[in-house]
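To start, the structure itself, in structure tokens.
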Amino acid sequence: MTTSQRGCLVIVGLLVFAAIMCAWLPFVFMPSNGIAPAIPVIQVPGEVLVYHWKPLGIELGDDFNLINTMVAVAIVDVIVLAIMFFARRASNNWTNEIPGRFQGFVELIADGIYGITKSIGGIRIAKTIFPLIATITLFLLIANWMSLIPGVESFGLFHCAYPEKNGYDATRVSGSFFQLRNEQPLNGGETVSLEEHVACVEQTGLGELHGKVHEDAVKAGLVSEDHHAAVPANAGAQELLEGHKFHITPFVRPAASDLNLTLGLALISFCTIQYFGFRAQGLNYLQKFFPLRSMGNLRNKPLGAIDLIVGPLELVSELSKIVSLSFRLFGNIFAGAILLAVMLFLVGTGLPVIFYILELVVGLAQALVFAVLTLVFASQAMEGHHGDEEHAEH
């Protein structure tokens, strides 16, 4: 067999494999078995898992709920702390001169982050801000890559589909385990009305009427104001599922796809920037926002009047860092999660692997961008207008 013939066999084999993975599996095999991909409900806020949540029995108010992005944050925190704990343990409190594999891996990552910090901010600022930059990088890297873990955004709380949302038929697998049943490829589900949602909750016991849904049901005369649905004795039985539409709220959703997290990190970054600015310049740091010195030196430097315009612009620019940092991270991670969900819905298998690889790159890039921007802004905040002051004095 010649080289060209072997090459043709390889190409034909790849085409057959691609046809099986991208055509036969998602459009023939999976629909015929009722497991065709279902499109999730896409919404910006994190989904509620437990309404009126009372952690450890502590009352935190009727509006305090357990959100699936909160679960993701807790998981990421545990992973970051576990990495640091085991790295310190493996290094014997960082006293081992000859590092093991795990210690060497952690030191390689830390040395790379420290090198970036030192090259941008200098040795003096690097020693102070490195722990924050390393923590932000590691936290966001794990949080951003969480959507690539099998099961994330796939397993969750099974309940009746909410009003005006898409829902699917369902099958009871065993016990309290259920699965959405989809027998048509590219089926976006059926939109559920308020009446259908109330009927589903009443008859199956899978879900509850709460918040705005309860208020709308009361206004529509479907339930009374003090209504509490009774759970059927055979709740979740297969015969009760028929005729109703259901949805799955994932237990875990990527943390950075929630604007609350990215805004919180942006506020931490913003406060850090201001801290370094005041630390380096004292109250003179405020001169770039409120140019009192320039106004007092107009006789020698009339062009200093321009600072009356530049100062407010600097203040707006400084505050806009909160918006730019939070929305940049949120937009990229949220868009990536939607991209993966849509591609899995459209193709099911095979092709989405390419987008998983793309999300690996985007997740790493966004973690580094957020950390490096924090570092750059902090370094800029430490710079004064010393040259201008000396020129004015002369």
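The values are calculated or read from the model by the stated rules, or taken from the named source; none is laboratory data. Everything numeric here is computed off the predicted structure, so don't read it as measured data. Please note: Cβ atoms are built from the backbone with ideal geometry, for glycine as well, and neighbour counts cover all protein chains shown.
Take the residues in segment 146-205 that are among the hydrophobic types (A, V, I, L, M, F, W, C) and part of a loop (DSSP other than H, G, I, E, B), then tell me which one is nearest to residue 252 (Cα to Cα). Write out each step before concluding.
First pass over segment 146-205, keeping only residues among the hydrophobic types (A, V, I, L, M, F, W, C): 146, 148-149, 152, 155, 157-158, 160-161, 170, 173, 177-178, 180, 186, 192, 194, 198-201.
Now narrow it down to the ones that are part of a loop (DSSP other than H, G, I, E, B): 149, 152, 155, 161, 186, 192.
Details: 149: 10, 152: 6, 155: 8, 161: 18, 186: 24, 192: 24 Å.
Per the stated criteria, the residue is 152.
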With respect to residue 59, is the statement that it is under 22 Å from the mean Cα position of the chain (by Cα) and charged (D, E, K, R) true? no
Kindly list, by first and then second residue, each pair from a residue in segment 62-91 that is within 13 Å of residue 50 (Cβ to Cβ) to a residue that is of a type in the set (Ser, Thr, Tyr), limited to pairs with Cβ atoms under 8 Å and residues at least 6 apart or on different chains. 65/51; 68/249
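Among the candidates 18, 36, single out the residue that is surrounded by 12 or more Cβ atoms within 10 Å (Cβ to Cβ) and modelled with pLDDT under 85. Spell out the reasoning first.
Working: 36 fails: modelled with pLDDT under 85.
So the residue among 18, 36 that is surrounded by 12 or more Cβ atoms within 10 Å (Cβ to Cβ) and modelled with pLDDT under 85 is 18.
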On the basis of being hydrophobic (A, V, I, L, M, F, W, C), exposed (fewer than 15 other Cβ atoms within 10 Å of the Cβ) and touching a residue at least 24 places away in the same chain (Cβ under 8 Å), does residue 11 make the cut? no
Check residue 118 against each of (1) touching a residue at least 60 places away in the same chain (Cβ under 8 Å); (2) closer than 29 Å to residue 99 by Cα and name the one condition it does not meet. (1)
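If we keep just the residues of segment 87-139 that are of a type outside the set (Gly, Ala, Ser) and not in a helix (DSSP H, G or I), which is surrounded by the most Cβ atoms within 10 Å (Cβ to Cβ)? Please lay out each step first, then the result.
Of segment 87-139, the ones of a type outside the set (Gly, Ala, Ser) are 88-89, 92-99, 101-103, 105-109, 111, 113-114, 116-118, 120, 123-125, 127-133, 135-139.
Okay, now just the ones that are also not in a helix (DSSP H, G or I), so 92-99.
Numbers: 92: 10, 93: 7, 94: 12, 95: 6, 96: 12, 97: 4, 98: 6, 99: 16.
Checking each candidate, the answer is 99.
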Of (1) within 23 Å of the chain's Cα centre (by Cα); (2) in a helix (DSSP H, G or I); (3) surrounded by 17 or more Cβ atoms within 10 Å (Cβ to Cβ), residue 84 fails just (3)
Can you tell me which residue in segment 205-257 is surrounded by the fewest Cβ atoms within 10 Å (Cβ to Cβ), limited to those that are within 21 Å of residue 156 (Cβ to Cβ) and of a type in the set (Ser, Thr, Tyr)? 249
Residue that is surrounded by the fewest Cβ atoms within 10 Å (Cβ to Cβ), among those in segment 344-385 that are in a helix (DSSP H, G or I) and over 24 Å from the mean Cα position of the chain (by Cα): 380
What about residue 243, is it small (Gly, Ala, Ser), outside any loop (DSSP other than H, G, I, E, B), farther than 28 Å from residue 74 by Cβ and touching a Cys at 6+ places or on another chain (Cβ under 9 Å)? no
All conditions in (1) surrounded by fewer than 19 Cβ atoms within 10 Å (Cβ to Cβ); (2) more than 30 Å from residue 158 (Cα to Cα); (3) of a type in the set (S, T, N, Q); (4) modelled with pLDDT of 90 or more are true of residue 260 except (2)
Run residue 149 past the list (1) in contact (Cβ under 8 Å) with a residue 24 or more places away in the chain; (2) out of contact with any helix residue (DSSP H, G or I) (no Cβ under 6 Å at 6 or more places or on another chain); (3) β-branched (Val, Ile, Thr) and report the number of the one that doesn't hold. (1)
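I'd like to know if segment 37-44 contains one or more residues that are assigned to a helix (DSSP H, G or I), small (Gly, Ala, Ser) and outside the structural domain of residue 183 (by TED's automatic domain parsing).
If we filter segment 37-44 for residues that are assigned to a helix (DSSP H, G or I), which is where we start, we get none.
No, segment 37-44 contains no residue that is assigned to a helix (DSSP H, G or I), small (Gly, Ala, Ser) and outside the structural domain of residue 183 (by TED's automatic domain parsing).
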